[in-house]
Amino acid sequence: MPQNFYELVWIFIIYAFIGWCTEVSYAALDTGKFVNRGFLNGPYCPIYGCGVVIVVAILTPLRESLLILFIGSLVLTTALEFVTGYILEKVFHNKWWDYSDKPFNVKGYICLKFSILWGLACTFIMDVLHPLIYKAITWIPFIPGVILLSILMCVFLVDCCITVSTILKFNKRLKIMDEMAASIHKLSDEIGENIYENVTGVIEKSEEFQENHAELIDKITETTEAAKEKFADAFEEKKKEYADAREEKKRQLAELSEKYEKLFAEKNNGFRRLMTAFPDMKSRDNNEMLQKYKLHFNIKIRRRGETIDD
């Protein structure tokens, strides 16, 4: 049983690292390649560290009963996973993992299969692994331990800040590109509609005029060359206005499309790492653009037990 805050922080850091190793190993077996499966850039998964800290702090007095330890571990880790998934989605507007395809899931945040696995894992940790880990912590001299722990936590906090900044930039990029895609679509439609309306409008008005004003047409054909030239000039001026407006929209469309393609082509390892670590991530506000981004980076959605290519 941890006796103070110092030991709790060591437990958090150690199991966050063990959790990261577990995720990386699972991904390596599943995909045949290294994938940094952590939420952060460094070699630690905070949710594992938090989970073990909660289980150790609450269930240590009950560790003699494996059944109670298993049930308690299952309930605590499941609650933590649900709350973490919910908060991350509300704060960052992204759903980082999704168990919706699994039976007995709750809003995709948790499912029975992995709740049981977390319960079994924590039971093993509490009964077998943690006594060894805790003994190793108590062997570390206090002053060097505080110094080392302080360094590790500083690195961890800096990593948290960098990751949060990357996520905010990523969401902003998705929003900008989504707005640009909508603008490109709108301009394309306006150019097409403008051409269609101009052509059909001229044809319809011409036919209507010829039907209803046959006599007037005969008189117009007898007018002087000056009148004809005046009519032709007015027509050409109107035609030029339509052409200029269409060309301006084409210019805007080309400029916008170029910026859009540049944003797609721009390399960003932080964005790629997030999508690789969470290939089934969904965006609450700009999910269509997120899926296009994944296709651009050749990142395929991977459920547990399936493969991922990146």
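The values are calculated or read from the model by the stated rules, or taken from the named source; none is laboratory data. Everything numeric in this text was worked out from a predicted model, so none of it was measured. Backbone-built Cβ (ideal geometry, glycine too); neighbour counts: all protein chains shown. We work out accessible area using only protein heavy atoms, side chains counted, and drop any ligands, DNA or RNA first. Shrake-Rupley method; radii C 1.70, N 1.55, O 1.52, S 1.80 Å.
Using DSSP to define loop residues, name the GluC sites (Glu not before Pro) in segment 1-93 whose beta-carbon has at most 13 other beta-carbon atoms within 10 Å.
Working: sites: Glu7, Glu23, Glu64, Glu81, Glu89; in loops: Glu64.
Sparse-neighbourhood loop GluC sites (Glu not before Pro): Glu64.
So if I take the alpha carbon set of segment 19-154, get Rg, then get Rh from the Kirkwood formula, what is the Rg over Rh ratio? Working shown, then result.
Details: Rg = 16.4 Å, Rh = 16.6 Å.
Over the Cα atoms of segment 19-154, Rg/Rh equals 0.99.
If one computes the Cα centroid of segment 144-172 and of segment 84-143, what distance in Å separates the two points?
Segment 144-172 and segment 84-143 have Cα centres separated by 20 Å.
Between their Cα atoms, which of Lys250/Lys292; Lys102/Lys294; Lys186/Lys250; Lys175/Lys249; Lys175/Lys259 are more than 18 Å away from each other? Present the calculation step by step, with values, prior to reporting the outcome.
On the way: Lys250/Lys292 24 Å; Lys102/Lys294 23 Å; Lys186/Lys250 12 Å; Lys175/Lys249 23 Å; Lys175/Lys259 14 Å.
The pairs that break the limit, which is 18 Å between Cα atoms, are Lys250/Lys292; Lys102/Lys294; Lys175/Lys249.
Given a 1.4 Å probe, how much area per residue of segment 120-177 is accessible, in Å²? Mind dumping the intermediate values first?
Numbers: 3480 Å² over 58 residues.
Accessible area per residue, segment 120-177: 60 Å².
What shape does segment 74-120 have by the C-alpha gyration tensor, where a ≥ b ≥ c are the square roots of the eigenvalues, rounded means a/c under 1.5, and otherwise prolate means a/b greater than b/c and oblate the rest?
Numbers: a/c = 2.84, a/b = 1.49, b/c = 1.91.
Verdict is oblate for segment 74-120.
Which value, in Å² and to the nearest 10, is the accessible area of Lys175 when all protein chains are kept and the probe is 1.4 Å?
110
Can you figure out the FRET efficiency of Leu148 with Gln291, using R₀ = 41 Å and their beta-carbon distance, to the nearest 0.05? Spell out each step's value before the answer.
Values: r = 43 Å, r/R0 = 1.04.
According to the calculation, E is roughly 0.45.
How many Å² of accessible area per residue for segment 17-110, probe 1.4 Å? Please list the in-between numbers first.
Working: 4550 Å² over 94 residues.
The answer is 48 Å² per residue.
For Phe104 and Tyr26, what is the calculated FRET efficiency with R₀ set at 25 Å and r taken between the beta-carbons, to the nearest 0.05?
Details: r = 21 Å, r/R0 = 0.85.
FRET efficiency, Phe104 to Tyr26: 0.75.
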